[in-house]
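Remarks on the structure that follows.
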Amino acid sequence: MTHTIETKQIPYIPGDGIGAEIWQASQAVIDHAVAKTYNGQKKIEWTEVLAGEKAFNETGDWLPEATLEAIKQANIAIKGPLTTPVGEGVRSINVALRQQLDLYACVRPVRYFKGVPSPLKEPEKTNMVIFRENTEDVYAGIEFPIHSDETKKLIDFLTSELAVTKIRFPETSAIGIKPISQEGSQRLVTAAIEYALLHQEPSVTLVHKGNIMKFTEGGFKNWGYDIAESQFKAQTFTMRTYQTIQKEAGVEAANDALKAAQEQGKVIIKDVIADNFLQQILLYPEKYAVIATTNLNGDYVSDALAAQVGGIGISPGGNINYDTGAAIFEATHGTAPDIVGLGKANPCSLLLSAVMMLEYLGWQEAADAITQAIEQALITQKVTSDFADQLENATCLTTQEFGEFLITLI
Ligand code: NAD
């Protein structure tokens, strides 16, 4: 009897700077994990596609059409960091990829690995998954510079047509506009709630700045609650409902309703104002599980949380459209020009992004094998220099040696 091997075609972009080093180390680990876990019955067929500096040098284009086509065809890809082109006309390639494929959720799991240097006393209490909106807000921001015709026209329009009186220095203002929509917010919050339900997480927290920006940020919060109360009524309990009960029947009745919902395993939907949230994640990280937030808040929150558990060398990310299934998984750090070619780069961010990708493909066992190998390597304190420099008795391995060590642990 012949067995057919299940193969997945996956385009990859090694990336610029340290990209080639971390990709080489990571690919060997991923291939080994898949082969070993499934006894050779599953396999990834990798195809390199060009983007960034390498693409520019070879084709004159930072993001060639062929790359977009290949990723669209496969509906999935993995990438290392890319140099952001400096100059007029070209925006960040990462942003372009996300926009072209409408990858509306930037998903960042943040957890602590034992042995990793952290600034916190109890870093293991930080365990969250961030859903950052990836297509609106400042990513779709419209800006006009100081003294431009556009700014002048806009300020004239705002003051004469819309009775705006609060622009403090109209002659020397630049103007920025950010759109946040009901549709964009609700598809993101839906993805976060569905993730919480699938993974039996206790809560989804909507992080916003609605106390100041009532219609955009406040809209995000309200539309998030609306979708929970309409589409996930049986599986969730919102703190907005809690407040209504509190007003109508008192605090005891509200607490009883909350307790009952928790006992029934319902996901609690709550909200926190962004500045307070940055305090909360330092003081009480254990209170938060899944986070849904707008683009700019998500930018700050993602980096702050990554720093709490060991920094960008170990933070993975995925950009996903849950409606079309399109997804790009990526290392969250940059090209690290200061350590290129020195064997100092930590491949964990890319490897853990591969773990997310394998989970997304349903290849959970291979994903777990890589996670367990990373856990073990970090506990034994055989690590790359970014961690070794901060630890007392660690053994410092090069990027390649670290990859090879992981393979021995799978
Ligand atoms: P960076 O993330 O490249 O580096 C910041 C610091 O972190 C450096 O000291 C670097 O050595 C260290 N570092 C980063 N990744 C590491 C790893 N895997 N292991 C060990 N140390 C690591 O940020 P930057 O210097 O601000 O940016 C450099 C370039 O990367 C710029 O062109 C920027 O636009 C680009 N960038 C790309 C992405 C992306 O493609 N997703 C993200 C951020 C920055």
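Observations on the structure shown:
- Cα pair distances of region 132-282 binned at 5 Å [whole percent]: 2, 9, 14, 16, 16, 13, 9, 7, 6, 5, 3, 1
- Mean Cα-pair separation over length for region 229-303, i.e. relative contact order, pairs under 8 Å, 6 or more apart, %: 28
- At 0.890 mPa s and 25 °C, Stokes D of region 1-46 from Kirkwood alpha-carbon radius, µm² per second: 209
- Given 16 as the ceiling on other Cβ atoms within 10 Å, longest exposed-site-free region of the chain for GluC sites (Glu not before Pro) in DSSP loops: 162-391
- Net charge over other residues, Cβ less than 13 angstrom from the Cβ of Gly334 (K, R count +1; D, E count -1): -4
- Whole-Hz Karplus values for region 363-380 come out as 8, 4, 5, 5, 4, 4, 4, 5, 4, 5, 5, 5, 4, 5, 4, 6, 5, 7 Hz, taken residue by residue from phi with 6.51 cos²θ - 1.76 cosθ + 1.60 and θ = phi - 60°; glycine and proline positions read x.
- Ellipsoid semi-axes in whole angstrom, largest first, where each is sqrt(5λ) of the Cα gyration tensor of the chain: 37, 29, 21
- Charge tally around Ser203: other residues with Cβ under 9 Å, Lys/Arg +1 each, Asp/Glu -1 each, net +1.
- Vicinal HN-Hα couplings computed from phi for region 74-86 (Karplus, 6.51 cos²θ - 1.76 cosθ + 1.60; Hz; Gly/Pro x): 7, 6, 7, 6, 9, 9, x, x, 10, 5, 7, x, 9
- Cα centroid separation - region 271-301 against region 155-177, whole Å: 32
- Portion, in percent, of the accessible area of region 134-208 that falls on carbon or sulfur, probe 1.4 Å: 56
- Between Lys166 and Val138, residue separation times 0.36 nm minus the direct Cα-Cα distance comes to 7.9 nm.
- Full extension of the chain between Leu198 and Glu183 gives 3.2 nm of extra length, using 0.36 nm per residue less the Cα-Cα distance.
- 5 angstrom amide H check on Ile167, placed H, neighbours 5+ away: none
- For the chain, the relative contact order comes to 23 percent (Cα pairs under 8 Å, sequence separation of at least 6).
- Working from Cα pairs under 8 Å separated by at least six residues, relative contact order for region 1-84 is 46 percent.
- Area accessible to solvent at His3, 1.4 Å probe radius, in Å²: 130
- Taking amide H atoms as placed 1.01 Å from N in the peptide plane, the amide H of Phe237 lies under 5 Å from those of Val267, Ile268, Ile269, each 5 or more residues away in sequence or on another chain.
- Stretchable slack from Gln235 to Ala35, in nm (0.36 nm times residue separation minus alpha-carbon distance): 68.2 nm
- Around Val129: net Lys/Arg minus Asp/Glu count, Cβ-Cβ under 10 Å: +1
- With the convex hull drawn around the C-alpha atoms of region 217-279, the volume per residue stands at 102 Å³.
- Amide hydrogen neighbours beyond the local backbone of Ala331, cut-off 5 Å, H modeled: Lys79
- Kirkwood Rh in Å, taken over region 286-410 so that all alpha-carbon pairs contribute: 15.8
- Cut-off of 10 Å, at most 15 other beta carbons, DSSP loop: longest stretch of the chain lacking such trypsin sites (Lys or Arg not before Pro): 234-410
The values are calculated or read from the model by the stated rules, or taken from the named source; none is laboratory data. Fair warning: this is a prediction, and the values are worked out from it, not measured in the lab. Quick reminder, even Gly has a Cβ in these numbers, built from the backbone with ideal geometry, and neighbours come from all protein chains shown. When the accessible area is computed, the model is the full protein with side chains, heavy atoms only, and any ligands, DNA or RNA have been set aside. Shrake-Rupley method; radii C 1.70, N 1.55, O 1.52, S 1.80 Å.
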